[in-house]
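What follows is calculated from the coordinates using simple rules that are stated; it is not laboratory data. In this text, all values refer to a predicted model and were calculated from it rather than measured experimentally. Counting neighbours? That spans all protein chains shown, and the Cβs are built from the backbone with ideal geometry, glycine included.
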């Protein structure tokens, strides 16, 4: 099979397309023929080992010393079950699925073997594979943090970085939960964020949201503290009593299969729609990583494997 291998930590050019043996599913695993995946910010962090000095040593110990121990990166997929391993019974050959695996990686390839009881679910029938691959990463992360913050109907929620993969999902999910949503993004993305259900959209290049009189029950940072630190420095002065400021960098998110199923149901109903910025072919993965590294993508960058 064709797969993209990360030969060492570094810039996008360390990624190389090569032939590798097609994996064989073990007990309770299924093999998936991947039709689409996504280049996430997490993929780029792993590829470049883009961590603070304090965390780089831990990163090498956890991921691999000079290169990722699992050389084929990629966390999300949409595709078709190709082979069912011993004792696996949750999916059938030919079934269309989508999913997320932040430990196994392996989706920058034509095939991957994942546990049947992991973050894997039936793909929404009304979505293409590219669209389905744009849901799990941002959707699962946003839903985990919004649930942890206890977002409920009637609250005011501000999403900082509302045009990214996590941000576009957070806007739609907070709206689904009944919150009144304010999105913060750049000028180019104002219309996009408004179309996702934000009742108010603030252009951070022209206005500091902390200068407004509005108070929020939750301020959700969807881009990470390295990018948002300066903007959120004064965020507590615009929180309601008992309000909270939560970042995607705050602790380990709790990702659940039932949440992936829920995201599929919401996508089927049109209550959550995938946002795709660009789509690349697998052999253009270096270009895809270069684009994501620039830090200005809208929603998701998809890689078409087929």
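Observations, loosely collected:
- Fraction of beta bridges assigned by DSSP in the chain that are antiparallel (%, nearest 5): 55
- 117, 221 arranged by Cβ crowding within 10 Å, fewest neighbours leading: 117, 221
- The convex hull drawn around the Cα atoms of the chain, when projected onto a plane and averaged over every direction, covers 15.3 nm².
- Helical contribution to [θ] at 222 nm, DSSP H n ≥ 4, -39,500 (n - 2.57), averaged over the chain, rounded to 500: -7500 deg cm²/dmol
- Prolate/oblate/rounded call for region 137-247, Cα gyration tensor, a/c under 1.5 rounded: rounded
- Taking 0.36 nm per residue of separation and subtracting the Cα-Cα distance, full extension of the segment from residue 186 to residue 306 would add 39.9 nm.
- Over the Cα atoms of region 87-181, the radius of gyration divided by the Kirkwood radius equals 1.04; this is the Rg/Rh ratio.
- Label zone at residue 50 (point 7 Å along Cα-to-Cβ), backbone N below 16 Å, region 253-295: 286-295
- Cβ-based exposure ranking for 108, 55, 216, 280, in which fewest neighbours within 10 Å come first: 55, 280, 216, 108
- Structural descriptor for the chain: relative contact order 20 percent, calculated from alpha carbon pairs under 8 angstrom and at least 6 residues apart.
- Overall Cα dimensions of region 171-306, principal axis frame, Å, largest first: 51, 33, 31
- In plain terms, the C-alpha convex hull of region 177-220 casts an average shadow of 3.3 nm² when viewed from every direction.
- Shape call, region 51-112: gyration tensor on alpha carbons, a/c limit 1.5: prolate
- Stokes-Einstein translational diffusion, region 1-78 - Kirkwood Rh over all Cα pairs, 0.890 mPa s, 25 °C, in µm²/s: 178
- Region 249-294: C-alpha gyration tensor shape, a/c 1.5 cut-off, then a/b vs b/c: oblate
- Size descriptors for region 19-172: radius of gyration and Dmax over Cα atoms are 17.0, 53 Å.
- Separation of region 1-59 and region 142-156, taken as the distance between their Cα centroids, equals 31 angstrom.
- Sorted by Cβ density within 10 Å, fewest first, the residues 2, 27: 27, 2
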